[in-house]
Amino acid sequence: MNLTRILCLNALGVLLISTWWIPQFTFWSTVDDSVFWFFNQFITMGNPHWDATLAALNNRKFDLFVIAGMLTIMCWACVRDTRGGWQRWLGIGLTMVITAGLMNEVVRHLPFHHPSPTRFFDDASLVSNFVHFTTKDSAGNSFPGDHGVMAMIFAGFMLTFGDRLTRGASILLVAIAIAPRVMVGAHWVSDIMVGSLSLALLLLPWVLCTPVARALTTWISRRLGRLFPTSNKGDPS
(Lines give C-alpha, C1' and ligand atoms only; values in the text may rest on other atoms or scores of the structure.)
Protein backbone atom coordinates (compact mmCIF):
# COMPACT_ATOMS: atom_id res chain seq x y z
CA MET A 1 0.00 0.00 0.00
CA ASN A 2 1.41 3.37 -1.03
CA LEU A 3 0.27 5.46 1.94
CA THR A 4 2.31 8.50 0.91
CA ARG A 5 0.63 8.64 -2.50
CA ILE A 6 -2.82 8.16 -0.94
CA LEU A 7 -2.31 11.00 1.53
CA CYS A 8 -0.91 13.33 -1.15
CA LEU A 9 -3.87 12.69 -3.44
CA ASN A 10 -6.30 13.10 -0.54
CA ALA A 11 -4.63 16.38 0.43
CA LEU A 12 -5.02 17.62 -3.14
CA GLY A 13 -8.71 16.70 -3.03
CA VAL A 14 -9.20 18.60 0.24
CA LEU A 15 -7.36 21.59 -1.23
CA LEU A 16 -9.67 21.62 -4.26
CA ILE A 17 -12.77 21.53 -2.06
CA SER A 18 -11.32 24.31 0.11
CA THR A 19 -10.72 26.63 -2.85
CA TRP A 20 -14.39 26.20 -3.79
CA TRP A 21 -15.82 26.30 -0.26
CA ILE A 22 -14.08 29.42 1.11
CA PRO A 23 -16.35 32.42 0.26
CA GLN A 24 -13.45 34.86 -0.05
CA PHE A 25 -11.88 32.77 -2.79
CA THR A 26 -13.79 33.72 -5.95
CA PHE A 27 -11.65 31.92 -8.52
CA TRP A 28 -14.16 29.17 -9.29
CA SER A 29 -17.19 31.48 -9.49
CA THR A 30 -15.31 33.66 -11.97
CA VAL A 31 -14.28 30.68 -14.08
CA ASP A 32 -17.79 29.18 -13.92
CA ASP A 33 -19.48 32.37 -15.12
CA SER A 34 -16.92 33.10 -17.83
CA VAL A 35 -16.97 29.60 -19.33
CA PHE A 36 -20.75 29.34 -19.23
CA TRP A 37 -21.40 32.67 -20.96
CA PHE A 38 -18.66 32.04 -23.53
CA PHE A 39 -20.43 28.92 -24.81
CA ASN A 40 -23.98 30.10 -24.17
CA GLN A 41 -23.60 33.08 -26.50
CA PHE A 42 -23.40 30.68 -29.46
CA ILE A 43 -26.65 28.88 -28.61
CA THR A 44 -29.02 30.90 -30.77
CA MET A 45 -31.52 30.41 -33.55
CA GLY A 46 -28.86 31.70 -35.93
CA ASN A 47 -26.58 28.70 -35.29
CA PRO A 48 -28.79 25.69 -36.12
CA HIS A 49 -25.91 23.34 -36.97
CA TRP A 50 -24.06 24.15 -33.75
CA ASP A 51 -27.27 23.79 -31.73
CA ALA A 52 -27.97 20.39 -33.28
CA THR A 53 -24.40 19.19 -32.69
CA LEU A 54 -24.36 20.31 -29.08
CA ALA A 55 -27.78 18.80 -28.44
CA ALA A 56 -26.70 15.49 -30.01
CA LEU A 57 -23.61 15.38 -27.78
CA ASN A 58 -25.91 15.68 -24.76
CA ASN A 59 -28.41 13.10 -25.93
CA ARG A 60 -28.68 9.74 -24.15
CA LYS A 61 -27.45 7.98 -27.29
CA PHE A 62 -24.12 9.78 -26.99
CA ASP A 63 -23.76 8.24 -23.53
CA LEU A 64 -23.91 4.84 -25.22
CA PHE A 65 -21.14 5.99 -27.55
CA VAL A 66 -19.00 6.91 -24.53
CA ILE A 67 -19.66 3.52 -22.91
CA ALA A 68 -18.74 1.82 -26.18
CA GLY A 69 -15.54 3.86 -26.20
CA MET A 70 -14.69 2.69 -22.69
CA LEU A 71 -15.26 -0.94 -23.65
CA THR A 72 -13.15 -0.50 -26.78
CA ILE A 73 -10.26 0.96 -24.80
CA MET A 74 -10.47 -1.88 -22.28
CA CYS A 75 -10.47 -4.47 -25.08
CA TRP A 76 -7.47 -2.71 -26.62
CA ALA A 77 -5.72 -2.77 -23.24
CA CYS A 78 -6.52 -6.48 -22.92
CA VAL A 79 -4.96 -7.23 -26.31
CA ARG A 80 -1.84 -5.23 -25.42
CA ASP A 81 -1.51 -6.79 -21.95
CA THR A 82 1.13 -9.51 -21.87
CA ARG A 83 0.59 -10.27 -18.16
CA GLY A 84 -2.96 -11.60 -18.34
CA GLY A 85 -5.80 -12.53 -20.63
CA TRP A 86 -9.43 -11.54 -20.92
CA GLN A 87 -10.16 -12.93 -17.44
CA ARG A 88 -7.89 -10.32 -15.88
CA TRP A 89 -9.50 -7.43 -17.74
CA LEU A 90 -13.00 -8.67 -17.07
CA GLY A 91 -11.98 -8.75 -13.40
CA ILE A 92 -10.73 -5.15 -13.71
CA GLY A 93 -14.00 -4.15 -15.37
CA LEU A 94 -16.17 -5.75 -12.69
CA THR A 95 -14.06 -4.19 -9.94
CA MET A 96 -14.54 -0.83 -11.67
CA VAL A 97 -18.32 -1.32 -11.78
CA ILE A 98 -18.42 -2.19 -8.07
CA THR A 99 -16.34 0.90 -7.27
CA ALA A 100 -18.60 3.09 -9.40
CA GLY A 101 -21.69 1.77 -7.64
CA LEU A 102 -20.24 2.53 -4.21
CA MET A 103 -19.10 6.00 -5.23
CA ASN A 104 -22.50 6.71 -6.74
CA GLU A 105 -24.03 6.05 -3.31
CA VAL A 106 -21.61 8.56 -1.80
CA VAL A 107 -22.57 11.15 -4.43
CA ARG A 108 -26.27 10.66 -3.72
CA HIS A 109 -25.82 11.50 -0.05
CA LEU A 110 -23.58 14.54 -0.38
CA PRO A 111 -24.95 17.63 1.43
CA PHE A 112 -23.82 20.06 -1.30
CA HIS A 113 -26.35 20.95 -3.97
CA HIS A 114 -26.86 23.67 -6.55
CA PRO A 115 -28.64 23.99 -9.92
CA SER A 116 -26.96 24.04 -13.30
CA PRO A 117 -26.11 27.44 -14.82
CA THR A 118 -29.02 27.19 -17.27
CA ARG A 119 -31.36 27.13 -14.25
CA PHE A 120 -29.39 29.68 -12.27
CA PHE A 121 -29.47 32.41 -14.96
CA ASP A 122 -32.95 33.45 -16.10
CA ASP A 123 -31.64 34.78 -19.43
CA ALA A 124 -29.65 31.65 -20.34
CA SER A 125 -30.27 30.15 -23.78
CA LEU A 126 -31.43 26.53 -23.75
CA VAL A 127 -30.34 24.37 -26.65
CA SER A 128 -33.50 22.26 -26.18
CA ASN A 129 -35.52 25.23 -27.45
CA PHE A 130 -33.79 25.03 -30.84
CA VAL A 131 -33.88 21.29 -31.61
CA HIS A 132 -36.63 18.72 -32.11
CA PHE A 133 -35.18 15.82 -30.11
CA THR A 134 -34.52 15.22 -26.44
CA THR A 135 -31.30 16.53 -24.93
CA LYS A 136 -30.01 17.40 -21.47
CA ASP A 137 -29.20 21.07 -21.00
CA SER A 138 -30.15 21.64 -17.35
CA ALA A 139 -30.17 19.95 -13.97
CA GLY A 140 -31.80 20.72 -10.65
CA ASN A 141 -28.66 19.48 -8.92
CA SER A 142 -25.47 19.59 -10.97
CA PHE A 143 -22.90 19.19 -8.17
CA PRO A 144 -20.88 17.07 -8.42
CA GLY A 145 -20.92 16.11 -12.08
CA ASP A 146 -22.16 12.53 -12.21
CA HIS A 147 -20.73 11.98 -15.69
CA GLY A 148 -17.46 13.40 -14.44
CA VAL A 149 -17.31 11.01 -11.48
CA MET A 150 -17.94 7.94 -13.64
CA ALA A 151 -15.47 9.08 -16.31
CA MET A 152 -12.78 9.72 -13.71
CA ILE A 153 -13.29 6.30 -12.17
CA PHE A 154 -12.69 4.80 -15.60
CA ALA A 155 -9.59 6.95 -16.14
CA GLY A 156 -8.30 6.08 -12.66
CA PHE A 157 -8.53 2.36 -13.34
CA MET A 158 -6.89 2.73 -16.76
CA LEU A 159 -4.08 4.83 -15.30
CA THR A 160 -3.52 2.05 -12.77
CA PHE A 161 -3.82 -1.03 -14.99
CA GLY A 162 -3.30 0.18 -18.56
CA ASP A 163 -0.16 1.01 -20.52
CA ARG A 164 0.88 4.42 -21.84
CA LEU A 165 -1.26 4.33 -24.98
CA THR A 166 -4.45 3.16 -23.30
CA ARG A 167 -3.90 5.63 -20.45
CA GLY A 168 -3.74 8.48 -22.96
CA ALA A 169 -6.83 7.21 -24.75
CA SER A 170 -8.76 7.03 -21.47
CA ILE A 171 -7.90 10.63 -20.57
CA LEU A 172 -9.01 11.76 -24.03
CA LEU A 173 -12.29 9.89 -23.63
CA VAL A 174 -12.86 11.56 -20.25
CA ALA A 175 -12.58 14.98 -21.91
CA ILE A 176 -14.97 13.90 -24.69
CA ALA A 177 -17.49 12.63 -22.14
CA ILE A 178 -17.37 15.67 -19.86
CA ALA A 179 -16.94 18.69 -22.15
CA PRO A 180 -20.42 18.63 -23.80
CA ARG A 181 -22.16 18.91 -20.41
CA VAL A 182 -20.21 22.06 -19.60
CA MET A 183 -20.58 23.53 -23.08
CA VAL A 184 -24.37 23.13 -23.04
CA GLY A 185 -24.69 24.58 -19.56
CA ALA A 186 -25.87 21.43 -17.75
CA HIS A 187 -22.83 21.67 -15.47
CA TRP A 188 -20.54 24.36 -14.15
CA VAL A 189 -16.80 23.88 -14.65
CA SER A 190 -16.46 23.54 -10.87
CA ASP A 191 -18.98 20.66 -10.86
CA ILE A 192 -16.31 18.69 -12.71
CA MET A 193 -12.98 20.18 -11.66
CA VAL A 194 -13.93 20.48 -8.00
CA GLY A 195 -16.86 18.13 -7.40
CA SER A 196 -15.96 15.14 -9.57
CA LEU A 197 -12.19 15.45 -9.38
CA SER A 198 -12.04 16.01 -5.62
CA LEU A 199 -14.23 12.95 -5.01
CA ALA A 200 -11.96 10.89 -7.25
CA LEU A 201 -8.88 12.16 -5.39
CA LEU A 202 -10.42 11.45 -1.98
CA LEU A 203 -11.93 8.01 -2.62
CA LEU A 204 -10.22 6.29 -5.55
CA PRO A 205 -6.73 6.14 -3.98
CA TRP A 206 -8.11 3.94 -1.20
CA VAL A 207 -9.13 1.45 -3.88
CA LEU A 208 -6.36 1.79 -6.44
CA CYS A 209 -3.34 2.55 -4.22
CA THR A 210 -4.13 -0.23 -1.76
CA PRO A 211 -4.40 -3.99 -2.37
CA VAL A 212 -8.20 -3.69 -2.68
CA ALA A 213 -8.52 -3.32 -6.46
CA ARG A 214 -5.78 -5.80 -7.35
CA ALA A 215 -6.99 -8.38 -4.83
CA LEU A 216 -10.58 -8.21 -6.07
CA THR A 217 -9.43 -8.27 -9.70
CA THR A 218 -7.25 -11.32 -9.03
CA TRP A 219 -10.05 -13.11 -7.17
CA ILE A 220 -12.53 -12.54 -10.02
CA SER A 221 -10.05 -13.51 -12.75
CA ARG A 222 -9.13 -16.73 -10.94
CA ARG A 223 -12.79 -17.70 -10.60
CA LEU A 224 -13.28 -17.00 -14.30
CA GLY A 225 -10.19 -19.07 -15.06
CA ARG A 226 -11.74 -22.01 -13.24
CA LEU A 227 -15.06 -21.59 -15.02
CA PHE A 228 -13.43 -21.16 -18.44
CA PRO A 229 -10.07 -22.98 -18.33
CA THR A 230 -7.72 -22.37 -21.22
CA SER A 231 -7.02 -25.56 -23.10
CA ASN A 232 -3.40 -26.46 -23.92
CA LYS A 233 -3.58 -27.92 -27.38
CA GLY A 234 0.13 -28.59 -27.40
CA ASP A 235 0.01 -30.79 -24.28
CA PRO A 236 0.48 -34.43 -25.42
CA SER A 237 -1.34 -35.72 -22.36
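The values are calculated or read from the model by the stated rules, or taken from the named source; none is laboratory data. The shown structure was predicted, so the numbers you read here are calculated from the model rather than taken from an experiment. All Cβ positions, even for glycine, are placed from backbone atoms using ideal geometry, and neighbour counts span all protein chains on display. The protein model used for the area step is the full one, side chains on, heavy atoms only, and it has no ligands, DNA or RNA in it. Shrake-Rupley method; radii C 1.70, N 1.55, O 1.52, S 1.80 Å.
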Kindly state, as a whole number, the per residue volume in cubic angstrom of the convex hull around the alpha carbon atoms of segment 124-186. 89 Å³
Dipole magnitude of segment 95-166, debye to nearest 20 (Cβ charges: Lys/Arg +1, Asp/Glu -1, about Cα centre): 140 debye
Hey, what's the chain come to in accessible area per residue, 1.4 Å probe, Å²? 56 Å²
Mean shadow of the chain, computed from the convex hull of its alpha carbons, in nm²? 16.1 nm²
Suppose every K and R has +1 on its Cβ and every D and E has -1 on its Cβ; what is the size of the dipole of the chain about the Cα centre, in Debye to the nearest 20? 1240 debye
Any chance you could get the radius of gyration and Dmax over the Cα atoms of segment 100-237, in Å? 20.1, 77
For segment 99-146 and segment 5-29, write down the distance between their C-alpha centroids in whole Å. 22 Å
First measure r as the distance between the Cβ atoms of Arg226 and Asp63, then evaluate 1/(1 + (r/R0)^6) with R0 = 25 Å and state the FRET efficiency to the nearest 0.05. 0.10
Farthest towards the positive end of the dipole of the chain, among Val97, Leu172, Leu216 and with Cβ unit charges of +1 on Lys and Arg and -1 on Asp and Glu, lies the Cα of Leu216
Which value at 222 nm does the chain reach when only helices count, each DSSP H run of 4 or more adding -39,500 (n - 2.57), with the total divided by all residues and rounded to the nearest 500 deg cm²/dmol? -21500 deg cm²/dmol
If one takes the longest principal axis of the Cα atoms in the chain, at what angle in degrees, from 0 to 90 and to the nearest 10, does the Cα axis of helix 164-184 lie? 30 degrees
